[in-house]
Structure formats: C-alpha cells, structure tokens
Amino acid sequence: MNKSQLPAILSLLLLTAACSTTNDPAPVTPLTEHLTLGNPSGATTDVSQPTNYLLSKPQYALSYHRDRGIPTWVSWHLDASWRGSAPRQDDFRADNTLPAGWYQVQSSSYTGSGFDRGHQCPSADRTNTVADNSATFLMSNMIPQAPRNNQQTWANLENYTRTFLSTGNEVYIICGAYGKGGTGSNGFQTTLDQGRVTVPARLWKVVVVLPTGDNDATRLTTSTRVIAIDTPNDNTINTDWSQYRVSVDAIEAATGLDLLSAVPVAVQQVLEASVDKGPTQ
C-alpha cells in the first residue's frame, strides 16, 4: 500500500463505522414512573398490536385493547405529590391519542346502558392540577362498571388506599378487567355502543404499599403489603371490598398477565402467592 491510497482507505473505514452506528439497536426506553413494578403484558406502541397497545400518559399507563374498546390494565403511582385541591373536572371525552383509524369510544357510548363510566385511575388520585384530573376522564381510562361496584365497592377500596399517604407511604396500583358480560342497573349485557365496547365479567385490582423512598421495585420485601381483589361486574356485589381478596397469582392465572415483573423474583414469588389479611379501614 502506498501513501496515495490512505485517504480512500480512511474514508472507507469512516463510512463503515457510520453505517455500523446507524444499524445499532435503539436504546431501550426506560420504564415510566407508572410502570416501575413492570409492564404486565409487555405492551408497546406498535400499531400492529391493537389488542395490547401501550398508552403512556404523564398520569398513568395502560394497555388498550382496540377490539374491546377498553383497557386490559391500567397502572399508576400514587404519593402525596399527586394530591392537591384541583376540582373534579367531569370532562369525559374520547382519547384522540389513539392511532389513526381506530374507533374512539365517546363520552356518550355508555349512555342508558345501566353501567357507569368506571374510572380505572380514579379522579381523586389526580388532584394536584386541573390537567392531571382532566386526564382521568379520557374514555381510554374507563370500563363499563356496574354502579354498585364502581360507586361503593371500588370506591371504598380507593378511599382506603389514599389513607396510606398520610402515614408516610406511597402506593402502586394496577387494575383491569377480563371476561365478557356483566349485570348493571338495567340487567345483563355483553357489549355497548353497537358492539364496540365490551362489558367485562370481572374487575381486579392490586395495591402495593411502600414507605416513601427511592428505587421502589427493589425495595419490596416478602413482608410488603400487597392487596389484591377480583370482583364480579354485578350490581348485587357486596360493598365490602375485603370479601373479594385473592392472591396476585390467582389474578395472573385468570388474565395471563405477569404482574410485579420488575420485582426481584424471590420476593415476587412470596408476595404473589399470599392473600392479604390486613386491616380494611
């Protein structure tokens, strides 16, 4: 090789390096605050996966099921910083961040059905700002929920969950629904909105309670309190949520989800196998 060939060789090497960098895998996006304990279904923002589509909002994260018109699960973090004096907005509306061409469930889609527009991430968990509260009224955060279940059984657990904040704790909540067919105030139905919204048969929720701190997923121990319930979507439901306590393992078996997947395996196995026996108020 003579010196006259060096510029051409150097150019070739630089071009090769650039191509190699361009083709490197994209860095993995870190989990958001609301997915600290894991992504239960491995949901992504891939429009070719319409039954497991990730919507990651500042206030919560969820897996949306386009064909059911409801979320499969919703996950959010709650500490004192999320609570304030913002009033309830009641601005139920379609979620226009869904991919182009997907049907957007409307605020009127449940009208006259006998089912509530049941919040998954509750309005009262997001009162720090008007924008945060308003975000909970997107219809992608709703499921058709029997009024007694929504307004009493679930509301009682939601109110109890918020009491942990005043005793130096933070909580992670994951909830969802499965099956088809529920009984609202107008009787049994399987779908609403001309078949575009599925009425689920069961509603479940998992609440993880931690002392306020950092590195939350790795701070769970085998004695961390985990409350899990699985309730029928039925207007004759018992209003005492504690009657529906189950193990996380039981919810996973019913739904096929992998909950608390970011928690160390040895801790996860113990926590998921147990049924909460703690106080209820």
request  = Would you check if there is a residue in the range 92-102 being within 24 Å of residue 132 (Cβ to Cβ), touching a residue at least 24 places away in the same chain (Cβ under 8 Å), buried (at least 19 other Cβ atoms within 10 Å of the Cβ) and aliphatic (A, V, I, L, M)?
outcome  = yes
inquiry  = Looking at 219, 245 in this structure, which one is over 26 Å from residue 67 (Cβ atoms), in contact (Cβ under 8 Å) with a residue 12 or more places away in the chain, of a type in the set (D, E, K, R) and surrounded by 13 or more Cβ atoms within 10 Å (Cβ to Cβ)?
reply    = 245
Members of the range 134-153 found to be closer than 15 Å to residue 78 by Cβ and surrounded by 23 or more Cβ atoms within 10 Å (Cβ to Cβ), listed by number = 136, 141
ask   = How many residues does the range 57-81 hold that are polar (S, T, N, Q) and closer than 21 Å to residue 178 by Cα?
value = 3
ask   = With (1) over 25 Å from residue 64 (Cα atoms); (2) assigned to a loop (DSSP other than H, G, I, E, B); (3) among the small types (Gly, Ala, Ser) as the list, and residue 166 as the residue in question, which single condition is left unmet?
value = (2)
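Conditions (1) free of Cβ contacts under 8 Å to residues at least 40 places away in the same chain; (2) out of contact with any Gly (no Cβ under 9 Å at 6 or more places or on another chain); (3) farther than 19 Å from residue 69 by Cβ, marked per residue:
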| position | (1), (2), (3) |
| --- | --- |
| 134 | no, yes, yes |
| 142 | no, no, no |
| 147 | no, no, yes |
| 172 | no, yes, yes |
| 180 | yes, yes, no |
| 192 | no, no, no |
| 207 | no, yes, yes |
| 214 | yes, yes, yes |
| 224 | no, yes, yes |
ask   = Filtering the range 239-276 down to residues that are assigned to a loop (DSSP other than H, G, I, E, B) and either among the polar types (S, T, N, Q) or in contact with a strand residue (DSSP E or B) (Cβ under 8 Å, 6 or more places away or on another chain) (or both), which residue is farthest from residue 41 (Cα to Cα)?
value = 239
query = (1) surrounded by fewer than 19 Cβ atoms within 10 Å (Cβ to Cβ); (2) within 28 Å of residue 41 (Cα to Cα): which one isn't true of residue 89, the others all being true?
reply = (2)
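Readers should treat all values here as calculations from the given coordinates under stated rules, not as data from a laboratory. Keep in mind the model is a prediction, meaning the values are calculated, not measured. Positions of Cβ are generated from backbone atoms using ideal geometry, with glycine treated the same way; all protein chains shown enter the neighbour counts.
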